[in-house]
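Structure, as structure tokens:
Where a number appears in this text, it was derived from the coordinates with a stated rule and is not lab data. Computed from a predicted model, the values in this text were never measured in an experiment. Glycine also receives a Cβ, built like all others from the backbone with ideal geometry; neighbour counts cover every protein chain displayed.
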Amino acid sequence: MSPVRMIAIDGPAAAGKSTLAQRLADELGILYFDTGVMYRAVTLAALWHEVPIDDEEAVTEIARCLPIDVRPPTVQDDRKYDVLMGGEDVTWAIRSPEVDAHVSQVSMYMGVRQAMTQRQREIGLRGDVVMVGRDIGTVVLPEADLKIYLDASTEERAQRRYLESQEMGEEESLEEILDSLRMRDELDSTRDLAPLRAAPDAIVLDTTSLNADQVFERVIALAQA
Ligand code: CDP
């Protein structure tokens, strides 16, 4: 059994965090928890209920009440888990360009962050977890045994996301993806609350010229050291 039981992975959009976390969790036999899913689900619920994203109070109310559940996958379509919102399968709906366009604004609201962080911390503190997000090493689980901050150039990240979206048969252009990533990175790293940032004790890994296997090999070595 590995000595590391609580791993925090942070970094900007499409840096390869989910791919790495999934492999680490499989290898170590521990839980993979992607916190971005929760912010995405709140955003989707606000859009579906036609709540204006600028209405902080109404969006926060959704965040407090929304029944979000993440479970092992029940459908074989490349998903890593099922995301359920009030029993409805929203695994792919939370990845839409519309959610991408609004999720960073939703994530700025204090009440939203409080509700999400509390639930994430409860899950993280049980241990045996790889938790992924923007503020895991700094705010959600500062006591994590291993903190990784994954980065890559914006162009490389946009290219990776573009290839993924092509595989899913989506029609977003590389330019649209690049613009959307830039906007989210800007909002996520300049917000007052829990901004995207490497914790002082995080290991920063620039993956621009590394493939997924190389990133995994480096981090698993750290986890098992
Ligand atoms: O997969 P990708 O890196 O594109 O994004 P994600 O991890 O699904 O996160 C979506 C958005 O949720 C981010 O752009 C942040 O605005 C927000 N987020 C956050 O504020 N804090 C977290 N711990 C995780 C996500």
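Taking amide H positions as placed in the peptide plane 1.01 Å from N, state which residues far from S153 in sequence (5 or more) or on other chains have amide H under 5 Å from it.
Those lying under 5 Å, H to H, from S153 are T208.
Would you compute, from DSSP H runs of 4+ residues alone, the mean residue ellipticity of the chain at 222 nm, taking -39500 (n - 2.57) per run and dividing by the full residue count, rounded to the nearest 500?
Working: 8 runs with 105 residues, N = 225.
Per the formula, -15000 deg cm²/dmol.
Taking the Cα centre of the chain as origin, sum charge times position over the Cβ atoms of Lys and Arg (+1) and Asp and Glu (-1), and report the length of that vector in debye to the nearest 20. All intermediate terms of the calculation are to be shown ahead of the outcome.
Values: 23 positive and 42 negative charges, 189 e Å.
In debye, rounded to 20, the chain gives about 900.
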